[in-house]
Amino acid sequence: ARWLDPLGLTERIAFVGATGGHFASYASVQRLRAINPVLANTMRSFSIQVPTSTLVAQLNAFSPSVVVTYPTVAALLADEIKAD
């Protein structure tokens, strides 16, 4: 299906990391959303500072096709998937 969308315009990208401050990765995501209207609708940031169950519920509601995060958070989320 990727060849139908070579620019990735239909991807739903979730950034999971430290938010609410001047963190480089979070600031970069917010900047990309500000300068690109397409990304503003398809890219969202999620905080690692919320309880895991809340984070999983938020991610499930957004239903991302790509998750960008730290390796430790990826492992934590993978364990949540295994638990279901």
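The values are calculated or read from the model by the stated rules, or taken from the named source; none is laboratory data. Quick caveat: nothing in here was measured; it's all calculated off a predicted structure. All Cβ positions, glycine included, derive from the backbone under ideal geometry; neighbour counts span all protein chains shown. These accessible areas exclude ligands, DNA and RNA; they are computed on the full protein's heavy atoms, side chains included. Shrake-Rupley method; radii C 1.70, N 1.55, O 1.52, S 1.80 Å.
Listing for the model above:
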| quantity | calculated |
| --- | --- |
| Net charge dipole size for the chain [Lys, Arg +1 and Asp, Glu -1 on Cβ; Debye, nearest 20] | 260 debye |
| Accessible area expressed per residue, the chain, with surrounding protein chains retained (probe 1.4 Å, Å²) | 68 Å² |
| Label-point gap, in nm, between residue 76 and residue 3 - each point 7 angstrom along Cα→Cβ | 4.0 nm |
| Rounded percent of accessible protein surface that carbon and sulfur make up, region 1-62, 1.4 Å probe | 60 percent |
| Top of 44, 31, 12 by mean-square fluctuation, Gaussian network on the chain, Cα under 10 Å | 31 |
| Lys/Arg +1, Asp/Glu -1 at C-beta; the chain dipole; positive extreme among 16, 36, 65 | 36 |
| Rg/Rh for the chain, where both radii come from Cα atoms and Rh is the Kirkwood radius | 0.98 |
